[in-house]
Amino acid sequence: MIAEIAARVRENIQKVVVGKGEVINLALVAILCEGHILIEDVPGTGKTVLARSIAASLGCTFCRIQFTPDLLPSDVTGINYFNQKTQEFVFRPGPVMSQVVLADEINRATPRTQSAMLEAMQEQQITVDGVTYFLPRPFLVMATQNPIELEGTFPLPEAQVDRFLIKLPIGYPTEKEEHDILLRFEREDPLEGLSSVITPDELVAIQRQVREVRVEESVRGYIVDVVRATRSHKDVQLGASPRGTLSLYKCAQALAAIRGRKYVLPDDVKLLAPYVLTHRILISPATRLRGRRLADVLMDVIETVPVPVERL
């Protein structure tokens, strides 16, 4: 059932987004895990279009927040204002109260404003003037940042980066896909007529079902071994935290469900590890000077950890 629903949502998104099947699958994995997505890529690759297509396909409310250096925390969470008619303070919800929130160029805001997202992302609630407001479910934050242009930006603190379940690149389209993009957007914007294929309540229900996907003890041990290996690798300064272990576990369950299985395979873990763990690891300065990338170090880790095999 989950695989059928995921296929339906993916096909609907691809009415707007050309290609990018793996990116959409990984985004669906995060959605099924009630996790958040950090998209890092150059401008114009379709980050905003992907977020809006996902929101429309899920029937969720959508809001885009353009992060700038002068954005205040209250611009995100909302404010209490004095209503002169009723002679009392009234809460005006901010854009973060939507079900799907696009935090566009999140690294352009000051650390104070970035931290306003922390409580929302982790606890699914916000606190304004001492009063706590619960966010709607499902709740998904899709944040974007430009890896090239660093002038006027504030790097995300490790505590906030760790709140993102997965980090995704979009990448450039192939030559054929770029031709298809021109034809698809030639006369009209297909996003304007995109309808939902699932309700938010149905999504919440299948999010609970994903947790029932079986993870054998050997596969669970493999997940733990992969994450722990990031902490002892010679090129790693700071390895993935236990939150990374839990994130990889949940994502493996979701990927198995999307693929129509009720159990997790080691291949699920290997495919997901680069997207779940890369942004949770810091490599040493000496490693960077040698020109090694995070992705290379993580592949070393994956290759050195023994894969569990079924005993006959």
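What follows draws every value from the coordinates through simple rules; no lab data is involved. Quantities reported herein were computed from a predicted structural model and do not represent experimental measurements. No Cβ is skipped: glycine too gets one built from the backbone with ideal geometry, and neighbour counts run over all protein chains shown.
The angle between the Cα long axis of helix 111-123 and the main principal axis of the chain comes to about 70°, on a 0 to 90 degree scale. Label sites at T86 and A295, each approximated as a point 7 angstrom past Cα along Cα to Cβ, lie 5.2 nm apart. The listed peptides 280-290, 265-275, ordered by packing as a protection proxy, come out as 265-275, 280-290 (highest mean of other Cβ atoms within 10 Å first). Rg of the Cα atoms in the chain, relative to 2.2 N^0.38 Å, amounts to 1.05.
Build a GNM of the chain with springs between Cα atoms under 10 Å apart, and of L58, L238, L165 the one that fluctuates most is L238. The alpha carbon convex hull volume per residue for segment 211-304 rounds to 82 Å³. Using θ = phi - 60° in the Karplus curve 6.51 cos²θ - 1.76 cosθ + 1.60, the 3J(HN,Hα) couplings for segment 180-192 round to 5, 4, 4, 5, 5, 9, 5, 10, 7, 8, x, 5, 5 Hz; x is entered for Gly and Pro. Evaluated with a Cβ-only charge set (Lys, Arg +1; Asp, Glu -1), segment 211-304 carries a dipole of roughly 280 debye about its Cα centre, given to the nearest 20. Backbone geometry of segment 15-28 corresponds, through the Karplus equation with coefficients 6.51, -1.76 and 1.60 at θ = phi - 60°, to 3J(HN,Hα) couplings of 5, 10, 7, 7, x, 6, x, 5, 4, 5, 4, 5, 5, 5 Hz, x marking Gly and Pro. Working ranking of peptides 104-114, 75-85 by packing, defined as the average number of other Cβ atoms within 10 Å per residue, highest first, is 104-114, 75-85. For the pair segment 258-312 and segment 110-162, the centres of their Cα atoms are 26 angstrom apart.
Number of Lys-Lys pairs in segment 2-204 with C-alpha atoms under 28 Å apart and a separation of 8 or more places or on different chains: 9.
Rounded to the nearest 20 debye, the dipole magnitude of the chain is 700 debye, with +1 charges on Lys and Arg beta carbons, -1 on Asp and Glu beta carbons, and the Cα centre as origin. Going from the fewest other Cβ atoms within 10 Å to the most, the residues M117, M1, M299 appear in the order M1, M299, M117. Placing a label point 7 Å from the Cα of E4 along the Cα-to-Cβ direction, the residues of segment 11-26 whose backbone N falls under 18 Å of that point are 11-12. The distance linking segment 1-60 with segment 202-230 is 21 Å (Cα centroid to Cα centroid, whole angstrom).
Computed about the Cα centre, the dipole magnitude for segment 39-97 is approximately 240 debye when only Lys and Arg (+1) and Asp and Glu (-1) carry charge, each at its Cβ.
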